[in-house]
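Take a look at this one; I'll ask things after.
The values are calculated or read from the model by the stated rules, or taken from the named source; none is laboratory data. From a predicted model like this one, the values you see are computed outputs, not experimental measurements. All Cβ positions, even for glycine, are placed from backbone atoms using ideal geometry, and neighbour counts span all protein chains on display.
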Amino acid sequence: MSKQVIFNLPVKDLEKSKAFFASLGFGFNPQFSNERAANVVIVEGSISAMLTTEDFFRSLIDKPVVQAKEANEVIICLMCESRDEVAGLVEKAVAAGGRSPHPLEDHGFMVTQGFEDLDGHLWNLVWMNPASRTSQASQ
């Protein structure tokens, strides 16, 4: 069975958030986008994020909207294909107005660093050495 992951994130300014994620190289699915939401394609056919205006997001829930710049409920983790992809995405995010909450961490078998988007949502980027994945699987 094929599964798709779509997560919703409330944003204060949809157009600015769209520009932010476009500057990171992500595309959008216009079929699921309008003036209240934009579908950001993270991995074609399997993972996407719905950036929703806070008003629209609020209409989907019966609790207050967490302000991600003040408190966090989740950290979105993306596996990257290379060390350079991790560093490059963080660099693009910072250049587009985001911030990096911690420096690059190199654990030898794994590199990780993250960024905070314009609304304070945390994105952690990870690259694992393919050789270490193979050795871990055989243990």
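Which residue is farthest from Glu91 (Cα to Cα), if the candidates are limited to the stretch 10-25 and must be in contact with a helix residue (DSSP H, G or I) (Cβ under 8 Å, 6 or more places away or on another chain) and among the aliphatic types (A, V, I, L, M)?
Here the residue is Val11.
Can you find even one residue in the stretch 30-40 that is in the same structural domain as Leu125 (by TED's automatic domain parsing) and polar (S, T, N, Q)?
no
Could you give me the residue pairs with C-beta distances under 6 Å whose first residue belongs to the stretch 68-97 and is assigned by TED's automatic domain parsing to the domain that holds Trp127, whose second residue is among the small types (Gly, Ala, Ser) and outside any loop (DSSP other than H, G, I, E, B) wherever it lies, and which are 6+ apart or on separate chains?
From residues that are assigned by TED's automatic domain parsing to the domain that holds Trp127, the pairs are Lys92/Ser23; Ala96/Ser23.
Step by step: first the residues of the stretch 50-85, then only those that are of a type in the set (Gly, Ala, Ser) and farther than 19 Å from Pro101 by Cβ, then the one that is farthest from the chain's Cα centre (by Cα). Which residue is that?
Selected residue: Ser59.
To continue, here is another question. Kindly indicate whether any position in the stretch 48-56 is assigned to a loop (DSSP other than H, G, I, E, B) and either modelled with pLDDT of 95 or more or surrounded by fewer than 13 Cβ atoms within 10 Å (Cβ to Cβ) (or both).
no
Exactly one condition in (1) within 24 Å of Asn129 (Cα to Cα); (2) touching a residue at least 12 places away in the same chain (Cβ under 8 Å); (3) in the same structural domain as Ala131 (by TED's automatic domain parsing); (4) out of contact with any helix residue (DSSP H, G or I) (no Cβ under 9 Å at 6 or more places or on another chain) is not met by Ile47; state its number.
(3)
For the structure I just gave you, tell me whether Ala22 is hydrophobic (A, V, I, L, M, F, W, C), modelled with pLDDT of 95 or more, surrounded by fewer than 16 Cβ atoms within 10 Å (Cβ to Cβ) and on the phi < 0 side of the Ramachandran plot.
yes
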